[in-house]
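Heads up, the thing below is written out as structure tokens.
No value in this document is a laboratory result; all are computed from the given coordinates. Since we're looking at a predicted model, the values are computed, not measured. Positions of Cβ are generated from backbone atoms using ideal geometry, with glycine treated the same way; all protein chains shown enter the neighbour counts.
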Amino acid sequence: MTDSARARARLNRNLSLETIIEPQPDLGLVTMNGPNDPEPGLTIVDGTITAMDGKTADEFDLIDRFVSLRGIDLEVANEVMHLSDDEIALRLVDVSASRDELVRLSGGLTPAKLARVVGRLDPVEMMFALKKLRARRRPANQAHVTNRKESPALLAADAAEAAARGFAEIETTVGVARYAPFNAIALLVGSQVGRPGVLTQCAVEEKRNLELGMQGLTTYSETLSVYGTDAAMVDGDDTPWSKAFLASAYASRGIKVRFTSGSGSEALMGHAEGCSMLYLEARCLALIRATGSQGVQNGGISTVALPLSLPGGTKAILAENLVAAWLGLEVASGNDAIASHSPIRRTAKLMGQFLPGTDFVTSGYSAVPKYDNMFGGGNYDADDLDEWTTIQRDWQVDAGIEPLDEAQALAVRKQAAGAVQAVFRHLSFPEITDEEVAAAVVGYDSRDVPDRDRAADVDAADLVFAEELTGVDVARALDIAGYTAVAEAVLGMQRLRVSADYLQTSAIVGDDWRVESAVNDPNEYTGPGTGYRLEGERWEKLQSLPHRLDPGTLAPAATNQTAPITVLGDAGQGAGRDEVVIGVGPAFLGTLRATINGLEHEAVIGALVDGVRTAGGRPRLVRVRRTSDVAFIAHDAARLSGSGIGVGVQSKGTAVIHRADLEPLDNLELFSMAPVLTLDSYRAIGGNAAAYALGLRTSPVPAELDNYARVKHIVQTALLHARETADVEENAAPIEFTLR
């Protein structure tokens with residue numbers, strides 16, 4: 001137990017819940033540049049690789065064998081493997097080195113060489129390289145949509161809202177495997193309500209996953225996990241060849257597919273073989289490219305907290321995303337599983353992908369509240385959407401989520417829940433009641449949605465496979481029920497699956513059913529002013545946050561009403577030790593009538609006057625017209641006062657007690673926290689000013705603090721001060737007045 005109160009306070013912060021450990025390389029608990037990582041190397045004899053990364057061919061495991069046979073371009077290898085790590089790393093950050101050239105060179109590099117070259121970069125260099133190497137020109141994002149009750153109405157409503165918010169892909173999963181067909185249907189219908197062309201998947205066992213795709217109920221998959229050691233692959237019941245075959249099965253049926261990997265999985269399974277996380281991930285990525293897959297979901301997927309427990313963990317995750325992009329793969333870059341208890345650490349981890357942009361900045365932003373996220377919680381969820389879109393606006397960065405106002409959200413949610421209700425009715429599935437639909441539209445999470453007969457649901461869901469119901473059947477049901485536009489969109493997804501355009505690398509479906517991919521919309525960043533820039537119509541859209549305000553609403557409009565004062569003429573020099581001059585700003589009780597926290601100016605003056613009189617002083621009211629600076633207003637008031645003591649008050653409420661013989665920017669007491677000042681505060685300020693005038697001993701008025709006052713009020717402060725400054729009359733004499 002610490003004796004320091006501050007240390008005890010820090011121990012109660014969220015960070016204290018983290019486990020931070022020292023590296024232990026022999027267990028694979030080291031993020032990158034591990035002492036046991038092999039020395040990069042490649043030996044080619046008569047067109048055959050006979051040694052790679054410290055092993056001869058007879059020592060190759062299955063991963064080495066697969067990569068050596070299918071993953072290394074021998075011609076490029078002869079060109080690039082002899083280059084030093086620094087020579088290759090320099091090309092990664094060299095603006096003149098094109099993405100196409102770098103991807104070509106990566107084809108000749110071994111996993112150990114890939115890991116060691118990227119390990120030469122610092123985080124900023126990695127982000128720059130990632131910006132250049134992203135496959136598709138424009139970043140996008142993927143959403144998770146699930147709920148604990150597997151409510152089809154709520155799934156459809158959440159999918160529709162996610163699609164309307166700009167997510168290009170939406171993924172669901174199940175708590176009970178037999179629910180998969182219903183969840184897939186709900187996601188398909190809801191997504192096409194929100195925006196036609198959104199790709200969907202249901203993460204379940206591979207056989208079922210493939211069946212859902214073949215029946216046109218899903219359009220992509222990312223459930224093909226690979227690992228960086230043979231033992232870990234065996235634990236996953238797979239080999240490189242079986243994974244390649246499965247990927248081909250998906251693609252041959254028009255289903256977009258990417259693999260899943262991520263730092264720390266081998267250490268978690270006890271099969272790291274003493275190697276660093278980044279080196280093992282480089283093996284995974286070399287294997288994935290060798291299978292012919294178009295992309296990968298990586299970035300500490302499901303294991304992110306393990307690398308983050310170690311030094312350089314966040315950097316290593318960024319490095320694995322970079323290696324994937326360098327190999328020419330579509331990158332869905334994690335940021336899905338909860339990385340930390342600490343909001344600061346979570347956001348710090350996100351920025352490595354958020355700022356440079358990846359093909360999918362998250363491989364599953366939880367578009368539902370955390371309670372309903374069946375993927376084990378989310379790094380960010382539905383409650384964070386406004387923060388995310390605001391950060392996009394702050395940085396002028398496109399991270400794939402669009403602002404959506406409440407009316408639009410409610411409209412698409414209602415249509416989606418009603419559409420899936422109609423599909424269930426037409427296909428004779430268990431009824432979705434009007435009560436369920438209404439709750440799905442406006443409820444917070446599945447606790448607000450009525451329970452369903454789950455036994456009846458899973459029995460009916462089995463019929464989707466048994467009767468081989470397809471996406472065309474769903475479209476027909478929608479059309480019959482009058483949801484013609486949604487039916488056309490669902491049918492459009494079936495056409496896309498047949499044409500297979502979205503099997504291109506890093507493909508998403510944009511507006512008007514246009515496929516955007518690395519083939520027809522590649523990232524061509526070559527330096528400032530090139531590549532994807534968030535500007536024009538897209539920038540206008542991402543700026544249009546529902547919670548933004550018109551600046552004019554944050555400060556009272558200038559008024560032409562007659563001020564409730566009587567002007568007595570120019571203010572002259574006062575007399576008497578008991579006099580306290582209260583000086584107000586140019587707009588006080590004129591074009592402005594209240595302080596920043598809503599106190600009426602008349603009441604403020606009344607409190608100040610009352611405080612002066614109660615303490616035995618004699619108040620006089622003066623408007624200072626030549627300046628809007630509260631220090632100078634107060635100093636001018638003090639110089640006019642018979643006692644040499646004055647109080648200055650800006651229209652927004654900031655106040656100063658001043659003395660004539662002090663410098664203008666010096667003072668007796670300053671009250672800068674206008675938002676926390678009350679009438680009692682102003683009364684105390686008046687009383688202290690009178691005490692100073694009478695030469696009495698007095699304690700300063702206790703300072704009130706609000707650490708968030710600047711954040712909450714700085715815009716309104718600027719607007720109010722601008723209004724006050726607009727009323728300044730240079731060289732104008734102060735005037736004396738009284739309240740009517």
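Some notes on this structure:
- Radius 13 Å from Cβ of ALA332, net charge of other residues (Lys, Arg +1; Asp, Glu -1): -3
- Mean residue ellipticity, 222 nm, helices only, the chain: the sum of -39500 (n - 2.57) across DSSP H runs of n ≥ 4, divided by residue count and rounded to 500, is -13000 deg cm²/dmol.
- Relative contact order of the chain, pairs being alpha-carbon contacts under 8 Å that are 6 or more residues apart, as %: 14
- A simple count of charges around TYR371, restricted to other residues whose Cβ falls under 10 Å of its Cβ and scoring Lys, Arg +1 and Asp, Glu -1, yields 0.
- C-alpha long axis of helix 406-426 to longest principal axis of the chain, angle in °: 30
- The GluC sites (Glu not before Pro) found in the stretch 525-624 that occupy coil by DSSP, while having at most 12 further C-beta atoms within 10 Å, are GLU535.
- Neighbours of ARG136, meaning other residues whose beta-carbon lies under 10 angstrom from its beta-carbon, give a summed charge of -1 when Lys and Arg score +1 and Asp and Glu score -1.
- Three principal axis lengths of the chain [C-alpha, angstrom, descending]: 105, 65, 54
- Centroid-to-centroid separation of the stretch 471-505 and the stretch 148-174 [C-alpha atoms, Å]: 17
- C-alpha long axis of helix 385-395 to longest principal axis of the chain, angle in °: 80
- Part-to-part distance (alpha-carbon centres) for the stretch 257-306 and the stretch 569-597, which is given in Å: 70
- DSSP beta bridges fully contained in the chain are about 45 percent antiparallel.
- Nonlocal amide H pairs with HIS144, under 5 Å, H built at 1.01 Å: GLU171, TYR365, SER366, ALA367
- Amide proton proximity set for ASP94, modelled H, under 5 Å, gap of 5+: none
- Euclidean distance between Cα centres, the stretch 401-458 to the stretch 711-740, Å: 54
- Taking only the Cα atoms of the stretch 565-739, the radius of gyration and Dmax are 14.5, 43 Å.
- Looking at the stretch 565-739 alone, DSSP beta bridges between its own residues are antiparallel in about 60 percent of cases.
- Rounded to whole Hz, the Karplus (6.51, -1.76, 1.60) HN-Hα couplings of the stretch 218-226, x for glycine and proline: 9, 10, 8, 8, 9, 9, 8, 7, 10
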